[in-house]
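*Asks:* Quick one: structure below, then a few questions.
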Amino acid sequence: MNPLPPVRPAVLASPDYPFSPITAPIKLDQNESFADFPDELKGLALERLRQLPWHRYTDLNAEALCEAMARHEGWSPEGTVVTTGSNVLIALLIQLSALGGGRVVTVKPNFALYGLDAELLGATLTEVPLRDDTSIDIDAVIAALGTSPGPAPQGVIYLPRPHAPTGSLCELDELERLAQASGHGWLLVIDEAYHHFTEHDARELARRHPHVVLLRTLSKAWGLAGLRMGYALASDGVARQLRKLVPPFGVSVLQTVCAQVALEHPGYVKERVAQTLRERERLFTALQGHPSWRPLPSHANFLLVRTPDAAQAHAQLLAGGVLVRRQDRLHGLQGCFRVTVGTVEENDAFLRAAGLMA
Ligand SMILES: *Cc1c(COP(=O)(O)O)cnc(C)c1O
């Protein structure tokens, strides 16, 4: 028998990422955009790719792409850090501030990666429960930070806004209070994967507080989940340190070119977001007519639905060809599943499978 190679106990003890693929004709389980990247933009990107050298390394830190991102976001290029998906940044920010003994503070239920990465990287994880109405109890988060504002880094706070997987939205003045309470020794990371589906984002807050970092992605509203592209908007000082942890030449020529083409033609995103909001409203209203299911108000491109039995609801929808994501194993989400807002036809199929449409 070969002995196992040396693997840290935290890795051995850690579960696999909680996702098992199921195929169904209508896929409303991963909060992807309901439509693909526009075909003419794909053509443009492929044409440009053909003309670029593939045998050369890309920019060390994707400088040209960072500049284009920064221009799009009204941010400084020096404060913009691009990686292959924002999930990469979740681990890197823990490495930056909480590796081996630092703290990761977040809420529960939550996006699974914050807790998984915290455990893998040997940080101490604190999860503050949401209130019963799924709002974030900012005072409880502040209390969880503790009282000793030491000079040494204490760790990272992770909050998604809008919140995943409930879709609730933390008020900006509440976040401001948290930012003021966490300025000594904490990074406050606001994961804005779904910011397109709300009115106000947290850029203004982040400009005023150098320890606030925003995470953004092309995986949701931009319709580019398969491209793997995410970025952080941070203060120049934090970004400079974070960049040291990003693998050199990590963003491929393919990713760079496609992202640049998207940023040059951002108009399609706005139309899609408008359609998503209309369809979200339609699904929400229809679900309110269900005899036993209850949708939660959402500020994202998905709805969380509470049912008497998530396994039964999931199976019923799957029998109608529609795949949703069970969330009932998460803290406080007994009976819940999450459904992504799809195309009009996909949403009709969902409503039919739910018995809400003939
Ligand atoms: C989808 C999602 C992301 C995006 O991850 P990528 O790695 O950029 O695809 C980040 N955070 C949350 C909460 C998400 O739901």
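*Asks:* Given a 1.4 angstrom probe, I'd like the percentage of the accessible area of segment 40-264 that is carbon and sulfur, rounded to a whole number. List each step's numbers first, then the result.
*Replies:* On the way: 5130 of 9430 Å².
Ligands and nucleic acids excluded, carbon and sulfur reach 54 percent.
*Asks:* Please work out the Kirkwood hydrodynamic radius for segment 10-93, using every pair of different C-alpha atoms, and report it in angstroms with one decimal place.
*Replies:* Numbers: mean 1/r = 0.0584 Å⁻¹.
Evaluated on segment 10-93, it is 17.1 Å.
*Asks:* Could you run the Karplus curve 6.51 cos²θ - 1.76 cosθ + 1.60 with θ = phi - 60° over segment 297-308 and give me ³J(HN,Hα) per residue in whole Hz, x for Gly and Pro?
*Replies:* x, 10, 10, 10, 9, 8, 10, 9, 10, 8, 10, x
*Asks:* Which residues in segment 232-256 place their backbone N less than 16 Å from a point set 7 Å from the Cα of GLU67 along the Cα-to-Cβ direction?
*Replies:* Inside the label zone: 256.
*Asks:* Among VAL251, VAL305, VAL261, which one shows the highest mean-square fluctuation when the chain is modelled as a Gaussian network with alpha-carbon springs under 10 Å?
*Replies:* Of the options given, VAL261 has the highest mean-square fluctuation.
*Asks:* If amide H atoms are built 1.01 Å from N in the plane of the peptide, which residues on other chains or at least 5 residues away come under 5 Å of the amide H of THR217?
*Replies:* So THR217 has HN proximity to TYR231.
*Asks:* Okay, moving on. Can you give me the convex hull volume of the Cα atoms of the chain, divided per residue and expressed in Å³?
*Replies:* Values: hull volume 58.2 nm³, N = 358.
Residue-normalised Cα hull volume stands at 163 Å³.
*Asks:* Taking the Cα centre of the chain as the origin, how large is its charge dipole in debye, to the nearest 20, when only Lys and Arg (+1) and Asp and Glu (-1) carry charge on their Cβ atoms?
*Replies:* Working: 33 positive and 38 negative charges, 110 e Å.
Once rounded to the nearest 20, the dipole reads 520 debye.
*Asks:* Of LYS244/LYS270; LYS42/LYS244; LYS42/LYS220; LYS42/LYS270, which ones are farther than 23 Å apart at the Cα?
*Replies:* LYS244/LYS270; LYS42/LYS244
*Asks:* How big is Rg to Rh over segment 44-103, alpha-carbon atoms, Rh as the Kirkwood inverse-mean-distance radius?
*Replies:* Values: Rg = 15.4 Å, Rh = 14.0 Å.
Dividing the radius of gyration by the Kirkwood radius yields 1.10.
*Asks:* Something else about it: Please give the length that would be gained between SER20 and ARG326 if that part of the chain were fully extended, namely 0.36 nm times their separation in residues minus their C-alpha to C-alpha distance (nm, one decimal). Walk me through the numbers before you get to the answer.
*Replies:* Numbers: separation 306, 0.36 × 306 = 110.16 nm, distance 1.13 nm.
109.0 nm is the gain from fully extending SER20 to ARG326.
*Asks:* Obtain the nm distance between the two label points defined at ARG208 and GLU264 by a simple spin-label model: each point lies 7 Å from its Cα along the Cα-to-C-beta direction.
*Replies:* Going from the ARG208 label point to the GLU264 one covers 3.8 nm.
*Asks:* For segment 214-358, what does the alpha-carbon gyration tensor say about shape, rounded, prolate or oblate, given a ≥ b ≥ c as the root eigenvalues, a/c under 1.5 as rounded, and a/b over b/c as prolate?
*Replies:* Working: a/c = 2.58, a/b = 1.91, b/c = 1.35.
In terms of gyration-tensor shape, prolate.
*Asks:* Would you mind calculating the gained length between ALA13 and GLU171 on full extension (0.36 nm times residue separation, minus the Cα-Cα distance), in nm to one decimal?
*Replies:* In short, 53.2 nm is gained.
*Asks:* Suppose R0 equals 35 Å; then what is the FRET efficiency for LYS42 and SER135 from their Cβ-Cβ distance, rounded to the nearest 0.05?
*Replies:* Details: r = 40 Å, r/R0 = 1.15.
Using R0 = 35 Å, I get an efficiency of 0.30.
The values are calculated or read from the model by the stated rules, or taken from the named source; none is laboratory data. Values in this document were obtained by computation on a predicted structure and should not be read as measured data. Because the Cβ atoms are built from the backbone with ideal geometry, glycine has one as well, and the counts that use them run over all protein chains shown. Ligands, DNA and RNA are excluded from the accessible area calculation, which covers all protein heavy atoms including side chains. Shrake-Rupley method; radii C 1.70, N 1.55, O 1.52, S 1.80 Å.
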